[in-house]
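In what follows, a structure is listed as structure tokens, so that the remarks can point back to it.
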Amino acid sequence: MTEAEIAQQLVSLRDHVFAHATAQIALPRPRKTRLAVDALQPLIRQLNSPALFDDWEELYVLLCCHRRFRPARTHGRLKRMERRYAKKGQEARFATFFECVKQTLHPDFITPHGYNRTFSEMASDEILSKLDSELKPVIQLGKPIMLYAGALLGHVRDGRLIDHDDDVDFAVYLGESTLDDIPKEWALFQQDLIANNCLDPESLTRNSPTFKVRNSLGIDIDLFPAWSDGGRFSVYPYSLNDLPDDAIFPLKPLNGGTIGLPQDEPALLAQSYGENWRIPDPLFHFDWPSARRRFASLRQYDYSVTG
């Protein structure tokens, strides 16, 4: 196939997929379309044409979104595209394409967790006000609970949950410990959560140190382990001895309730998201490979052993 023939086929497939995706109309014979798109990739790579590759990748990403394929990989690919386009001074092109993605998915949005309904489509203020009561069975187990990650970021930066987010994260403080000892302590806390009917049983997995709380809000509420070691604070998966304890403690109450907030909120947010944490990033993609290496002992522990 010549370069002209490849380019012509690419244009035809783009027109076909973009028209159906942005209008949220099902593709006729979707498997045939996907195979045709996949078959173009090696041909375009052989041509070593960045322009053709950009056109192909937009086609591929939009097809994944329309068909709800591979959300985590597609989310990461979108983030890499955004950076690549920015280096080439093509921010406007990416913005236009990202609008096509949002139009294709509305009212859902692409997140690292899936193609989900986000807080922009929910009563997020009501959700935030009910978190204390929803977490009451967890709080009663006696461990300090702190608003964390994206939920903390939205609360501090925007005064609400982030519009493009779809879950609420909390850090559970286990006290003074070490990274080597924390997996067993976190597993023991999991047993208490299970005994008190706090966890969603369908979410329990063998090697995931993230525990999902059973709730009536129709959202994911996730718990992450936190601890101190020699005056340094750690919380999976963002921070390992990166902050002094006094940046976190004493915790401040969220809306006068039992859930806590870190003493120095900007310090934790800057450590987690970088110095530009005040700038919204709908395509923020966490560096999981690095976190898996740093917290290997937590990731390798068998949380299916509960007794």
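The numbers here are math on the coordinates, done by the rules we state, and not lab data. What you see is a predicted model, and the numbers here were worked out from it, not measured in a lab. Glycine also receives a Cβ, built like all others from the backbone with ideal geometry; neighbour counts cover every protein chain displayed.
Summary of computed values
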read-out: MRE, 222 nm, helices only [DSSP H, n ≥ 4, -39500 (n - 2.57), over the chain, to nearest 500]; value: -15000 deg cm²/dmol
read-out: Residue (of L199, P289, N48) at the positive-pole extreme of the chain, dipole from beta-carbon charges; value: N48
read-out: Most to least packed among 255-265, 163-173 [average Cβ atoms within 10 Å]; value: 163-173, 255-265
read-out: When the convex hull of its Cα atoms is projected in every direction, mean area for region 143-263 (nm²); value: 7.8
read-out: Pairs of Cα atoms farther than 32 Å apart, the chain, %; value: 36
read-out: Fewest-first ranking of F233, F69, using other Cβ atoms within 10 Å as the exposure measure; value: F69, F233
read-out: Radius of gyration and Dmax over the Cα atoms of region 3-117, both given in Å; value: 13.7, 41
read-out: Lysine pair count for the chain [Cα-Cα under 19 Å; pairs on different chains or 8 or more apart]; value: 11
read-out: Top of E185, E58, E202 by mean-square fluctuation, Gaussian network on the chain, Cα under 10 Å; value: E202
read-out: Karplus (6.51, -1.76, 1.60) ³J(HN,Hα), θ = phi - 60°, over region 92-99, in Hz, Gly and Pro reported as x; value: 5, 4, 5, 4, 5, 5, 5, 5
